[in-house]
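Undergrad: What follows is a single structure, and I will ask about it in a moment.
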């Protein structure tokens, strides 16, 4: 927990992976932005009173974020059992606790917004495309297909969340913004894990790219459908809607999985 | 239920564990602490240390697989979140005990073969009973097996090892103290969460009690094999301590002085302590302890 700072990029590949997938490295990474910030926000930070319409829209949005984070928690934890090696298992354990923390801070925010029974509210407001995505990811994890599950979880799902949270943070109230910014920092680490592992596998087995492209073909419409449904519920003007989809596609492409 | 589960939040875990008792540690011990030279130089003591640490890694790998596997089966958000913290605790334990093997000189590329070669077969069988329940998504049996039986065993084993190492190997004793604090939290969750579920589903009792009996049998067999050929290493450790001028201080654990106890006496006090704890904890959640046959 206090190991002196190590510059991971000067290490040999095996030592690099040992270092960046460790509990110690995780704690150093999160310590800076989680200490003194209970539930992901600075104590005493206040948010302007929201109109009923704005509050309703925010509750719907946060409920869907909770669906996404629960899915990510179940996905990351479910993959530990069949992760190929010890370092990957340990990294996924850190990811599981990150996802659980995201769920907790979002539920806490819902509580602040006056939602009393969050689980019931989430059930009522969950987006259909997102629920279909959850089922599909669950099946990939259940089938213990490492490459497919990692791609769906740490590339597609994490890119979707990264894009949405980063975009939302730009216009959110101060409390929601701070919560989302903390989450985005974790998502970067999770995306990096997926990119690194799949990148090395693709270098040795380029034919795998075709298989991942098939999975992407199936999941992309669900991601874009999720955006569309959510933006519809939020009454976002039609001409502003494609931007989110474009940002998501660009994020996936930046990781080396462009169409 | 939600009130007690709020005590097991991620926020509380962050404040009490990584930002609490693990602060300023490195792989669970103070930075710079090392394994004692006498241990590294003595063949008998070194072999014993590697063998016993392998069992810790095997146990913690099982705990990691079980706690992560139970998240999907958990019926509510707070339980899922607690199990996520437990998953990371167990991953940390895998990491620190694996690191101890490296500190003891096991080469990285020989880690898996060393574990395969030295893993106690009874401990492997113990793990299989639990992981079969987890694979089926059986939350009640999984939590009893993991958080009462496995964690209860680990808690006492770690406590005894910590007491036995406090004087001669502070590095290892410090490593163990963080894991003991973690296990205490895990056992607490198991007791608190599962009691209400046992009340709700009383028809599950016989099956869960049978699992406890099977796991207890394999646990006792694990202890029996683990202590069966320890006399030489114990003797060597005490001889080296005397030669170095370190007079072994009495180290009482549940009425037994570990500094002079024979392997048989240590096995006996460990088994008695764990089984007594099982009876108490199982009684609290409404289950009746089942006595296993003698291995």
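Undergrad: Just the projected area, averaged over all directions, of the convex hull on the alpha carbon atoms of region B:1-156: how many nm²?
TA: With every direction weighted equally, the projected area is 10.3 nm².
Undergrad: If each residue's Cβ is checked for other Cβ atoms within 10 Å, how do B:264, A:173 rank with the fewest at the top?
TA: By the 10 Å Cβ count, ascending, the order reads B:264, A:173.
Undergrad: Against the longest principal axis of chain A, how steep is helix A:23-34, in degrees 0 to 90 to the nearest 10, with axes from Cα atoms?
TA: Once rounded, one gets 30 degrees.
Undergrad: Return the FRET efficiency for the residue pair residue A:188, residue A:241: r is the Cβ-Cβ distance, R0 is 22 Å, and the value is rounded to the nearest 0.05.
TA: E(calc), rounded to 0.05, equals 0.30.
Undergrad: Evaluate E = 1/(1 + (r/R0)^6) for residue A:116 and residue B:30, where r is the Cβ-Cβ distance and R0 equals 41 Å; express this FRET efficiency to the nearest 0.05.
TA: 0.35
Undergrad: For the protein assembly as shown, what is the Kirkwood hydrodynamic radius in Å, using each pair of distinct C-alpha atoms?
TA: Its Kirkwood hydrodynamic radius stands at 24.9 Å.
Undergrad: Starting from a Cα-only point model with no solvent, please compute log10 I(q)/I(0) by Debye for region B:119-200 at q = 0.17 1/Å.
TA: Ignoring solvent entirely, the Cα scatterers give -0.76.
Undergrad: Here's another thing I want to ask about it. Suppose R0 equals 25 Å; then what is the FRET efficiency for residue A:253 and residue A:139 from their Cβ-Cβ distance, rounded to the nearest 0.05?
TA: 0.45
Undergrad: Using just the alpha carbons, could you tell me how many Å³ per residue the convex hull of region A:116-180 encloses?
TA: 113 Å³
Undergrad: Can you put A:23, B:189 in order, fewest other beta carbons within 10 Å first?
TA: Ordered from fewest to most neighbouring Cβ atoms within 10 Å, A:23, B:189 come out as B:189, A:23.
Undergrad: Here's something else I'd like to know. Based on the alpha carbons, how large is the Rg to Rh ratio for region A:167-259 when Rh follows Kirkwood?
TA: 1.03
Undergrad: May I pose another question? Using only the alpha carbon atoms of region A:20-108, find the Kirkwood hydrodynamic radius as the inverse mean reciprocal pair distance, in angstroms to one decimal.
TA: This gives a value of 14.9 Å.
Undergrad: Take the eigenvalues of the Cα gyration tensor for region B:165-295, scale each by 5, and report the square roots as semi-axes in whole Å, largest first.
TA: Working from the Cα gyration tensor, I get semi-axes of 35, 18, 11 Å.
Undergrad: Another one. Give the angle, between 0 and 90 degrees and rounded to the nearest 10, that separates the Cα long axis of helix A:242-254 from the longest principal axis of the Cα atoms of chain A.
TA: Orientation of helix A:242-254: about 20 degrees from the principal axis.
Undergrad: Based on the mean of other Cβ atoms within 10 Å per residue, sort peptides A:183-191, A:201-209 so the most packed one is first.
TA: Descending packing order for the listed peptides: A:183-191, A:201-209.
Undergrad: Based solely on C-alpha atoms, express the radius of gyration and the Dmax of region B:165-224 in angstrom.
TA: Rg and Dmax of region B:165-224, Cα atoms, are 16.7, 49 Å.
Undergrad: Still on this structure: At 222 nm, what helix-only mean residue ellipticity would chain A give, in deg cm²/dmol to the nearest 500, using -39500 (n - 2.57) for each DSSP H run of four or more?
TA: Calculated at 222 nm, the ellipticity per residue is -24500 deg cm²/dmol.
Undergrad: Relative contact order for region B:2-284: what percent, with Cα pairs under 8 Å and sequence separation of 6 or more?
TA: 23 percent
Undergrad: Same structure, new question: Measure off 7 Å from each Cα along the Cα-to-Cβ vector at residue A:218 and residue A:45, then give the distance between these two points in nanometres to one decimal.
TA: For residue A:218 paired with residue A:45, the spin-label model returns 3.9 nm.
Undergrad: Same structure again: Please order A:61, B:222 by the number of other Cβ within 10 Å, starting at the fewest.
TA: Neighbour counts put them in this order, fewest first: A:61, B:222.
Undergrad: If you line up the Cα atoms of region B:2-284 on their principal axes, what length do they span on each, largest first, in Å?
TA: Each principal axis gives a Cα extent; for region B:2-284 these are 60, 38, 38 Å.
Undergrad: I've got another one for you. Compute the long axis of helix B:263-284 from its Cα atoms, compare it with the longest principal axis of the Cα atoms of chain B, and write down the angle in degrees, 0 to 90, nearest 10.
TA: 20 degrees
Undergrad: If you don't mind, there's one more thing I want to ask. Distances over 29 Å make up what percent of all Cα-Cα pairs in chain A?
TA: Across chain A, Cα pairs with separations above 29 Å total 30 percent.
Undergrad: I'd like the mean, over residues of B:19-30, of how many other protein chain beta carbons sit within 10 Å of each residue's own Cβ.
TA: Per-residue shielding by partner chains comes out at 3.
Every read-out reported here was derived from the displayed coordinates using simple, explicitly stated rules and does not represent laboratory data. Predicted model, so just to flag it, every value in this text is computed and none were measured. So basically every Cβ, Gly included, is an ideal-geometry build from the backbone, and we count neighbours across all protein chains shown.
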